[in-house]
């Protein structure tokens, strides 16, 4: 690498490393799965709380904020401690589920679960705020009076009307997952975070090039959100 | 058998009774308004018809079918909300055709029906617009078209005009009534606006504290209120505690004056307390035409209200309002002047407490 020279060699070197693409795509996969699990968990929860259980809102908000007060290291050791032993039927030695840490799919399930927890504060807040801007209760009742069932109401009415919030939550979750190191390192997952961390240990320029690339990706994602949600923002503002 | 029957409906939320002993039969094609102040149970009753609340007691039947415990999406009921509740992600046509899509109607039929409905609300060219591109009145008309697209058995309107300005309210309520009559659809209309209820309804159900105070045509409810609440809630009213003087002659006394009423007081004894009411427009100056009851009074205040002039008179310690039509040549007495006012025997209404 040339010192005191402006060039794109650091980018060339970083991108030519096969580990870069492999770990980055792996993290993308984990991020996509985490976003899907988060949406499946958070949207019905936030919807039901707004619709039928407003008294549970404070408790759920408190639970979703736990990742801010409990460090990720505690989460990962908790996961390892619980899921590194087999699940047995009580008082028998019949194994129900093998230790999740012992096989790849199991470890992926664990890390997606962990990432879902880490992303909860962002995803829940985004979705809840999105639902506040549309009157979900009245929209639900309007749809019900026209014969719609719960599945139709959520997929055709609620989800499209909170898509801005979902995209915001998804972007934040994506950013957390792609750069996350602690969970991935301790669970032995070959993700982008640990790769970047290791690269930083013995290279000077490539980590900076990759960090800048991830910023570009974030900007691109934000631009896409603006493009997709332009109409909806206009709708929300027109009253 | 009536088309919509609410039999002895009640609804209790925790320790609060929202609706109690509600009995109502609505005929096909009739528009019945639920009128009452906030918290009187009118919206709760409407929501029970829609299926959003399950009654604690009683039954609801539409066209002879018991729907009391049916889910909202299994009742053939259209609903219009105060906040319009148009789906922001769908166009006007998408909103109007939503129910038809759910019912899996063929797309040709959906297009045809949506066009019909948009024609009905005089918005045929608005199909591709989104709700945020419409005014409040237009949004509520789209909500009406959406509710009617499925040809529901019963149309429910929950304070549909409350969020609109006064002029639009008047024109839209006439439009709603005209469409309802044109289609012959059975409708329940919830409002706290007495003028709206009086102008749009075949019958009015006046509610207070979760129960029915009176059911009747707008004419009956306004002119012959059965309870003190109905009399005070609908229109302006002079209400007084009176004492029976002569039950045979139907004579009562308020303060120092005696009045005769057309209503029978034969069940009362001399000295019984009754509540009476006189509408301000039933009083007039005796110089115009002398009627059965004559009252000597003094002018306390005169208020100009546009089409009418409201005169406040005082008789001893009793204050009474009298309305007279405005005209440019009207000669009104001066404040403090002594005048004789008059009303007929029919104008003196005996109220149940």
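What follows draws every value from the coordinates through simple rules; no lab data is involved. For clarity, every value in this text was computed on a predicted model and none was experimentally measured. Cβ coordinates were reconstructed from backbone atoms using ideal geometry, including for glycine residues, and neighbour counts include every protein chain displayed.
Key figures
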| item | result |
| --- | --- |
| Shielding score for B:72-81, defined as the mean number of other chain Cβ atoms within 10 Å | 5 |
| Percentage relative contact order, chain B, counting C-alpha pairs under 8 Å, at least six apart | 15 |
| Of every Cα-Cα pair in segment B:226-304, the percent that sits beyond 15 Å | 63 |
| Relative exposure of B:98, B:229, judged by other C-beta atoms within 10 Å (fewest first) | B:229, B:98 |
| Proxy reagent accessibility, fewest Cβ within 10 Å first, across A:65, B:120 | A:65, B:120 |
| Segment B:192-275: projected area of the alpha-carbon convex hull, averaged over directions, in nm² | 6.3 |
| For segment A:106-158, convex hull volume per residue from C-alpha positions, Å³ | 83 |
| Rounded to 10°, Cα long-axis angle of helix B:92-102 versus longest principal axis of chain B | 70 |
| Percent breakdown of C-alpha pair distances by 5 Å bin, ordered from the shortest bin, for segment A:102-220 | 2, 10, 15, 14, 14, 13, 10, 8, 6, 4, 2, 1, 0 |
| Per-residue mean of C-beta atoms belonging to partner chains within 10 Å, peptide B:15-27 | 0 |
| Average projection area in nm² (convex hull over Cα atoms of chain B, one quarter of hull surface) | 22.1 |
| For the protein assembly as shown, the spread of Cα positions along each principal axis, largest first, Å | 113, 66, 54 |
| Helical mean residue ellipticity (222 nm; -39500 (n - 2.57) per DSSP H run of 4+; nearest 500) of the protein assembly as shown | -14000 deg cm²/dmol |
| Sorted peptide list for A:133-140, A:20-27, B:184-191, B:12-19, criterion being average Cβ within 10 angstrom, highest first | B:184-191, A:133-140, A:20-27, B:12-19 |
